[in-house]
Each structure stands twice: as C-alpha cells, then as structure tokens.
1. Among the residues of segment 92-136, what is the count of those that are closer than 30 Å to GLN78 by Cβ and free of Cβ contacts under 8 Å to residues at least 12 places away in the same chain?
2. ASP100 is checked against (1) surrounded by 18 or more Cβ atoms within 10 Å (Cβ to Cβ); (2) of a type in the set (Asp, Glu); (3) farther than 29 Å from VAL60 by Cβ and fails just one. What number does that condition carry?
3. Filter segment 19-64 for residues that are part of a loop (DSSP other than H, G, I, E, B) and either of a type in the set (Val, Ile, Thr) or assigned by TED's automatic domain parsing to the domain that holds SER111 (or both) and give the result.
4. Being outside the structural domain of GLU53 (by TED's automatic domain parsing) and on the phi > 0 side of the Ramachandran plot narrows it down to one of LYS106, LYS156, LYS140, so name that one.
Amino acid sequence: MMDLAGLGREFESALLQINRVKAAELFERCYVNDNSFPLLERLAIDTLERIGEGWENGTVSLSQVYMSGVICEELIEQYLPKLLVKRKIVPRMAIGVLQDHHGLGKRIVCSVLRAGGFELIDYGQGLTVEELVHRSLEDKLEVLLISTLMLPSALKVKAVKEALAEAGAETKVIVGGAPFRLDGELWKRVGADAFGDSAASVVRIIEEKTKGGAM
C-alpha cells in the first residue's frame, strides 16, 4: 500500500524546491497507484494548504508559495483529460481582494480551488466596493469570494453585500483573510454568507453548496 503521508511530504519538498520534474514524478506515482482524481486532488490541496501555512509562520517564501500553486495547477490540467474528468460544475463564482493590494491569500485559494477541479474568475486585488459589485452583477455571479488583509477593508464587505442586495442579486459572499480569523464573528457582522478560515475550508464550503447544502 502506498504511503500517502510520505508521498505528501516528498511532493511538498519538490514544490518548495520548484522541482517540476520531481513533482511530476510523484504525481504520476500517485496516479498509477490509484487512477482516481480524488486522490490527486487531495494530494494537491493538502500540500498547498501546508505550504500556505508555512508562509504564514515565516518558513516559506512568497515565491515558493506562488510557484507551488502554478505547478499544481499545471499538473491538475494534465491529469483531468487522462482521467476523463471535467471541471466541476459549480455555481458561477469569482474571487477578488477588496481594497488591499496584497494578493497572496487570494493566490493560494485560487490554486487550491483550481487544483480541486473548480473554475473561478480572478478579479485581482485593490478593488473598490463599486468595482466588485459592478463585476459581480455583470458576470451574474452566484458566489463571490472576497479576501481582505486589513480591518477597514473587511468592514467594507457590508457595503458590497448591501449593494448586491439592492440590485436584486442573490450572490452569496464568502469572506476570508486575517481580520476574519482574528474575530470569529466579524463575517456575520458584515453580512457575509460564510467564512473560510483556510483555503481547504473554502473548498468544503463550495462543495457543500454544489451538493445543495446550506451555506
């Protein structure tokens, strides 16, 4: 039986060394052993999650996080056709950073979701309330993921939610970022529909929604 924990550690090491060849070999080993997308998905998501945590505690650099996400996305794209897996049918969704210009948290969430077979639009960072609302309405979003770094930006989520409601949109807003982790009730006070305390938790929230679960 394959040692999944050991494989995960090797895969993480290969990503942190930006070793595309080794990462691809390990992904192939996982594929040959199981021939299933869920196992590849779990390998990528769990590893990226650990790397993201490494950046938060100062043991991983920004470039390592960025390139790890790129490599995982490339590998997933290669194996979807092999396994005859289509991108997951999910609510039309997008992600953006409200006001702040630090996009690492968004990048990690994007990579994890895409590694999990999800499609989403990346709106970028430094967005105003008006820009987020306009683009959400224009794209007819069902789910809007908002990342924030500072408390003033997090508080602006309330204005986004109110503007969407005034426009008649039923867009669900999922928030994440440091202010919401520091204050576990903040997401409720700004009117968000859910809070993802990690990239993996955002995946779980989206999966629940696709299965008809309540957010």
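The values are calculated or read from the model by the stated rules, or taken from the named source; none is laboratory data. Here the structure is a predicted model, which is why all the values come from computation and not from measurement. Methodologically, a virtual Cβ is constructed for each residue, glycine included, from the backbone with ideal geometry; neighbour enumeration extends over all protein chains shown.
1. Residues in segment 92-136 being closer than 30 Å to GLN78 by Cβ and free of Cβ contacts under 8 Å to residues at least 12 places away in the same chain: 0 in total.
2. Result: ASP100 fails condition (3) only.
3. Within segment 19-64, THR59, VAL60 qualify.
4. Within the list LYS106, LYS156, LYS140, the selection yields LYS140.
Rundown of residues vs (1) within 15 Å of LYS106 (Cα to Cα); (2) modelled with pLDDT under 95, yes/no style:
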residue	(1), (2)
GLU142	no, yes
LEU145	yes, no
LEU149	yes, yes
PRO152	no, yes
LEU155	no, no
ALA165	no, no
GLY177	yes, yes
GLU185	no, no
